[in-house]
1. Among all the lysines, which ones have a C-alpha under 23 Å from Lys114's C-alpha, if same-chain residues fewer than 8 places away are not counted?
2. May I ask for the net charge around Glu197, where only other residues with Cβ less than 13 Å from the Cβ of Glu197 are counted and Lys, Arg are +1 while Asp, Glu are -1?
3. With unit charges on the beta carbons (Lys and Arg positive, Asp and Glu negative) and the dipole taken about the Cα centre of the chain, which residue among Ile355, Leu275, Pro193 sits farthest to the positive side?
4. On a full-extension model of 0.36 nm per residue, what is the gain between Leu102 and Asp323, subtracting their alpha-carbon distance, rounded to one decimal in nm?
5. Sort the stretch 205-279 into rounded, prolate or oblate with this rule: let a ≥ b ≥ c be the square roots of the eigenvalues of the Cα gyration tensor; rounded if a/c is under 1.5, and if a/c is not under 1.5, prolate when a/b is larger than b/c, oblate otherwise.
6. List the pair-distance distribution P(r) of the stretch 93-183, using every Cα-Cα distance, as the percent of pairs falling in each 5 Å bin from 0 up to the bin containing the longest distance, rounded to whole percents.
7. For the chain, find the longest principal axis of its Cα atoms and tell me its angle to the long axis of helix 209-220, 0 to 90°, nearest 10.
8. Between exposed GluC sites (Glu not before Pro) in the chain, where DSSP calls loop and at most 11 other Cβ atoms lie within 10 Å, what's the longest gap?
Amino acid sequence: MKAIVLNSNKRLKEIDILKAAAFVFVVAQHTIGGYSNGKNLSLLEYSILKFLYVSAKPAVPIFLFISGVLFFKVYEEKLDIKKFYLKKIKYILIPYIIWSSLNMYFLKNTDRFKDFIIEIIGGNGAYHLWYMGMIVRLYLIFPLIFYAAKKIHKSNIVIRMVTFISLIVLYYEVSKYNNVISDYVGKMIFGKPTELEMRIVNISFIFWYLYFALGIYVGLNYDFIKQKLLKSKLLIFIIYVFLLIYAYLNETNSIGFIRSLSIAYYCFSILAVYLGSIMLSERIKIYKIMSFVSKYSFSAYMLHIIVINYVVQYLRSKLFMSDYLMLGILSCILVAIISPIIIKCLSFVPFSSYITGVKCSKIKLSNYGFEIKIWRNTQKGSRIIYKAGSYKVEG
């Protein structure tokens, strides 16, 4: 099992754990989040489910942050554009297309095969695949972002700080006028856009770029930023807790929406979970589990809605489970475990990298010796009539 590694072969164990945590957060949103809106919940059940849901909401910002960090660590020395695109086609685009097809089939949305290419562009193979529709477009323009970021990074500190602050201010305005921008772009491109065409516009990377930019900033200054964050971890955790309380109160309609606090909540969630990942990375047993989930999280993400349907159906029809709190938490745990295991099993199939997005796994046998003997029963008892030496299997 390989950890995420830099060009210098330095292991980024904390990013492995962070990636696994983001996957679990996604699963929590689609299990616990759904049941948090259930009817006839007690106040306690409602409060717990909403709190867990709010805690898991930063999943997409965390994934974008990870992408920003890794892109600028993996390619910190040189970006080979041809290899970059070939790798993304093999390990991202083709698996995305295959899983979109599988989601359409298993979730009984086969009518979407009629406009398959448009559905893929819009990330509409299933509702959760909008992220894939967005990230594929990000990969298309990544070389431009890479060279621009590298150039800015080489400039003086004033230019770097002005650029970063400008990106934050601009993102606030983009977030504020999200709907206005979407409507304008939709009409400009499509005239009278359909619901699917508007989805293509709405999943644009521009509405999420701040978290990727934060990852770029950390990736370009990784060791320096990591040490600074560790020194300030108490302050970061305190701010995170206050912002989490705000996000919870806003989700439960106890307090109004404040855009700046909402953006800050996502940013400090990234930092808090990242710091937590650093602290957990030295615990061997936890790291082994989380690194396994991390390795197969990409395809497990695209699979998990299918798994949710089967798990929830089993829990409700076979175990007669109707308590939304238990159903939400248990289904979240089971899906977070089962989905990566299914992808691991698929990885043993030849050419499965086009489905799983990771290199194929191999069954290895080593140092197993065996002999072949054939006996025949006679009047005097059993006797060996054939013996083929001792063999050693290595793989």
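Any read-out appearing in this document is the output of simple, stated calculations on the displayed coordinates, not a laboratory observation. As the structure is a prediction and not an experimental result, all values here were calculated from the model. Note: ideal-geometry Cβ built from the backbone for every residue, glycine included; neighbour counts use all protein chains shown.
1. Hits, sequence-local ones excluded: Lys192.
2. -1
3. In the chain, that residue is Ile355.
4. Once the chain is fully extended between Leu102 and Asp323, it gains 76.5 nm.
5. The shape class here is oblate.
6. With 5 Å bins starting at 0, P(r) equals 3, 12, 15, 14, 14, 12, 12, 8, 5, 3, 1.
7. Once rounded, one gets 70 degrees.
8. Longest gap between qualifying sites, sites excluded: 78-281.
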